[in-house]
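Structure first, then comments.
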Amino acid sequence: MTGLAVSALTYCAELCAKGLPIPSSTPGLTHGNGDGDHLHHHPGIAPGNTPGITDADPTKMFAISLRALEKSGYLESTREMEDAFGLTPISVPRLSAEAALPAEAELAPLATTPVVADVVRDTVGRPANAREILLSGLTEASESLAQGLQGGNDLNSVIRVVVEAMYRGLGYARTAFLLRDPAANVFRTRATFGDPPLKLTFSAQYTPDLVHAALAHATDLHIADCETEKIKSRMPAWFAREMPTTRSFLLLPLVVNQRPLGLFLADRPVVDPIGLSSDELNLVRSLRNQVILAIKSR
C-alpha cells in the first residue's frame, strides 16, 4: 500500500472515530483521473461492480475497502484493524467450537504402523500377507509425501519407505533404488535394503543391453531366470560382476517427462517362475508413483 492510501485510511479513521462523515473528495477514495492511489483499484474493489457503493457514498466504500485490504494482506490481522478502529472483536471460545463437533462423526487418524511380514512364505520367500505389507507401505509413503509437501519435501524419506515396502512385502533378498546423477552421467544407488546391499553404479550412456532398453522404453521387467542363454547374452557386463548370485530379478524404471531418472531393482538367489500377481504389480507401481510425485514436487 502506498503512502497516499495509508494517509487516506488514517484520515478516514479519525473522522469515523469522531462520528463525522467522510468527504467524497477524499484523495485515494474516489475514482479520479490522476495517478493517485484509488482504493477502488485494490484487490476486491472492482469499479462499478460493488453493490450499493458509488462515488457519492465514500463511508460504505471505506468499510468495504478495509475488508478487501485485510484479505489482501495489507493489514496483518483482523485484530489490528479492530484495535485501530475501536471495534469489538468477535470471540469464539475454542472449547465451545470443539463441543459443536459430534464425537461419533470424527474419523480415526491415518494409521501408518508397518505390517509385520508373515512367517509363512512361498518357495521364493514371498510372505503370505504380501498385499497387506505393500498397502501399508503405500499408506506410509503417501503420508510421508504429504508431510514433506507441508514442511519441505524430503525425497529420501519417500524413497526409503518405498524400497523397504518392496523388500519386505515381496520377500526379495535385496532391493535398491538407483537415481541418475546427471553430473557424472551414471545411475547410482540411492537407497537399498538387504544383505549384502546392492551398491551399484553404471553408466547412463545407452548401450544395447536389457537394462538400458527397459529404461529407454519405460518397460517394467520381471526376469524369472537370468541364467538362460537368451537373457544372459543381453545383460550388461556390470550385472554379472556386481550381482553374481542373482537368478531372478525385478526392474522398474522411473521415468519423468519421458526421461529415465532412476530405477528400482530387486533380486532373488533363486528362480522365480511366478513373479508378481496383477494385484502386487499394481501396488508396486503405485509405490513407484509416490517417488515420481515427490520428484515432481521438488
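The values are calculated or read from the model by the stated rules, or taken from the named source; none is laboratory data. All of these numbers come straight from a predicted model, not from anything done at the bench. A quick note on method: Cβ atoms are made from the backbone with ideal geometry, for glycine too, and the neighbour counts reach across all protein chains shown.
Taking the range 227-283 as the range and being surrounded by 16 or more Cβ atoms within 10 Å (Cβ to Cβ), basic (Lys, Arg) and within 30 Å of Pro182 (Cα to Cα) as the test, only Arg268 passes.
Does Leu178 satisfy the criteria of being touching a residue at least 24 places away in the same chain (Cβ under 8 Å), part of a loop (DSSP other than H, G, I, E, B), in contact with a Leu (Cβ under 7 Å, 6 or more places away or on another chain) and not aromatic (Phe, Trp, Tyr)? Answer is no for this residue.
All but one of (1) within 23 Å of Leu287 (Cα to Cα); (2) in contact with a helix residue (DSSP H, G or I) (Cβ under 9 Å, 6 or more places away or on another chain) hold for Thr189, so report the exception by its number. Thr189 satisfies every listed condition except (2). Among the residues of the range 227-242, those that are of a type in the set (Asp, Glu) and within 18 Å of Val271 (Cβ to Cβ) comprise Glu227, Glu229. Annotation note: of Val158, Val124, the sole residue that is assigned to a helix (DSSP H, G or I) and at pLDDT 80 or above is Val158. When Leu293, Leu281, Leu198, Leu250 are screened for being touching a strand residue (DSSP E or B) at 6+ places or on another chain (Cβ under 7 Å) and closer than 25 Å to Thr139 by Cα, only Leu250 passes.
If the condition is being hydroxyl-bearing (Ser, Thr, Tyr) and within 12 Å of Leu210 (Cα to Cα), then the range 230-266 contributes only Ser233.
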